[in-house]
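Peer 1: Quick one: this structure, given as structure tokens, is what I'll be asking you about.
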Amino acid sequence: MSEITNVKDAIKVSSHFKSRDLDLDKTSNELWPALLSLKNFLASYNFLPAKAYFIKKEDKTSWEYFVPKEKKSFKFFEKNFKFVIEVRSTPEFKRDEINNLNNQKSKTFTSFHLTELINQNLNSKITKMVNLDYDLIRAITSLSLYLPIILGEWEAKQSASIFVTGHLTQSEDGKIAKKDGSPIWLGGELDKMHTHRLRSLHGSLLIGSKTLKHDNPQLNVRHCEGKNPDLIIFKTNDEDFFDKKLFQLKKRKIFLLCRNQREMSKNFKLKPIIKNIKFDCNKTFISPKEILTKLVKNNIHSIFIEGGGITISHFLVANLFDRFHLQTSDKTLGSGINSFNLPTSSDIENISAFIRTDYKIDEQTLSDYSKVIL
């Protein structure tokens, strides 16, 4: 039986956009405080504001997120803004409220509806925004990458479900590590920055036991502002499992997925806050759907799956990704561990179709996959 070895070969694409260059270093940095403000705002509300704004003032380097009081018109804003992006969650749209502003600042103002993000129509719209200032277009491009994740987590909380994002960095020929499993640096500083942003936007982060063993990661957000996610790790019987860096971190919350019904004797010696999520010890395989069901019961509503290839593959075949980010390096390894390592089967044929948007970041390509919503 032939094997699919590259994630790109496994994911069916219903439509494909090539976006403008994504300026993660400058534009996304400037937007980040506003995105975190939006995330914090939604954490306290069970409704979306009818209208909200991302604002860049002339005398500020960073964007702001602003929700006007009910029935406040647009004239409430100060006049020293450089860019304004209006986000609407209701179908009502009174164009006359902004006509004067739009006439004066036709290149610095834009408005769109949240469904354009949810249905992935925004990227096609961005390519047609030729009359807007180029810096504003780049800001909208960054919003289209991160805003759906914030909204996805919020919607999952409202529906008692879970929003799942996957991420993988692979070589040009579809490898994620050396043949012996040891890690190799495939990304760049911008890749690292983007990964840490994704961590901070999710309530929890899941990694496979092999990733923990070979990489011994810290899994924090030291390269961006934000909160460290709770950790979810597959428990193994390796003696050195608890010797990793993660188990030296004070007060970090860690969920262990384990089939062993006995409490682990070493837990009392560990510095993090550990909770065991137990599964039937007679099962040889824990299904991703069962994992998510138990995580929701533990009040987890967003999960970021950061490799490795086996974990990513199982969630992909189970059609459980709402979003999937694949960063492809210009490096070629020739031999190594494949990014996707399940055999060709009817299950793979049934993987849901995705919309794919490619962003150019230095010498890498970031492919943003989102589910087709019917």
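Peer 1: Answer yes if at least one residue in the range 143-164 is out of contact with any Asp or Glu (no Cβ under 8 Å at 6 or more places or on another chain), farther than 25 Å from Ser302 by Cβ and either among the basic types (Lys, Arg) or open to solvent by less than 10 Å² (accessible area, probe 1.4 Å) (or both), and no otherwise.
Peer 2: No; the residues of the range 143-164 include none that is out of contact with any Asp or Glu (no Cβ under 8 Å at 6 or more places or on another chain), farther than 25 Å from Ser302 by Cβ and either among the basic types (Lys, Arg) or open to solvent by less than 10 Å² (accessible area, probe 1.4 Å) (or both).
Peer 1: Pick out the one residue from Ser329, Ser302, Ser339 that is at pLDDT 90 or above and open to solvent by less than 20 Å² (accessible area, probe 1.4 Å). Even if it seems obvious, please write down each step before you answer.
Peer 2: On the way: Ser329 fails: at pLDDT 90 or above; Ser339 fails: at pLDDT 90 or above.
After applying the criteria, what remains is Ser302.
Peer 1: Of these, Phe54, Phe74, which one is surrounded by 14 or more Cβ atoms within 10 Å (Cβ to Cβ), in contact with a helix residue (DSSP H, G or I) (Cβ under 8 Å, 6 or more places away or on another chain) and modelled with pLDDT under 85?
Peer 2: Phe74
Peer 1: Would you please list the contacts, defined by Cβ atoms under 7 Å and residues six or more apart or on different chains, that run from a residue in the range 285-314 that is closer than 20 Å to Gly152 by Cβ to a residue that is among the aliphatic types (A, V, I, L, M) and part of a helix (DSSP H, G or I)?
Peer 2: His301/Ala156; Ser302/Ala156; Ile303/Leu295; Phe304/Leu198; Ile305/Ile312
Peer 1: Output the number of the condition that Lys82 fails; it satisfies all remaining conditions of (1) surrounded by 12 or more Cβ atoms within 10 Å (Cβ to Cβ); (2) farther than 30 Å from Leu168 by Cβ; (3) modelled with pLDDT under 85.
Peer 2: (3)
Peer 1: Okay, next question. Can you pull out every residue in the range 324-355 that is closer than 24 Å to His202 by Cβ and touching an Asp or Glu at 6+ places or on another chain (Cβ under 7 Å)?
Peer 2: His325, Gln327, Thr328, Ser329
Peer 1: With (1) closer than 30 Å to Asp280 by Cα; (2) out of contact with any Pro (no Cβ under 8 Å at 6 or more places or on another chain) as the list, and Trp185 as the residue in question, which single condition is left unmet?
Peer 2: Among (1) closer than 30 Å to Asp280 by Cα; (2) out of contact with any Pro (no Cβ under 8 Å at 6 or more places or on another chain), the lone unmet condition for Trp185 is (1).
The values are calculated or read from the model by the stated rules, or taken from the named source; none is laboratory data. What you see is a predicted model, and the numbers here were worked out from it, not measured in a lab. No Cβ is skipped: glycine too gets one built from the backbone with ideal geometry, and neighbour counts run over all protein chains shown. These area figures cover heavy atoms from the full protein model, side chains too; ligands, DNA and RNA do not enter into them. Shrake-Rupley method; radii C 1.70, N 1.55, O 1.52, S 1.80 Å.
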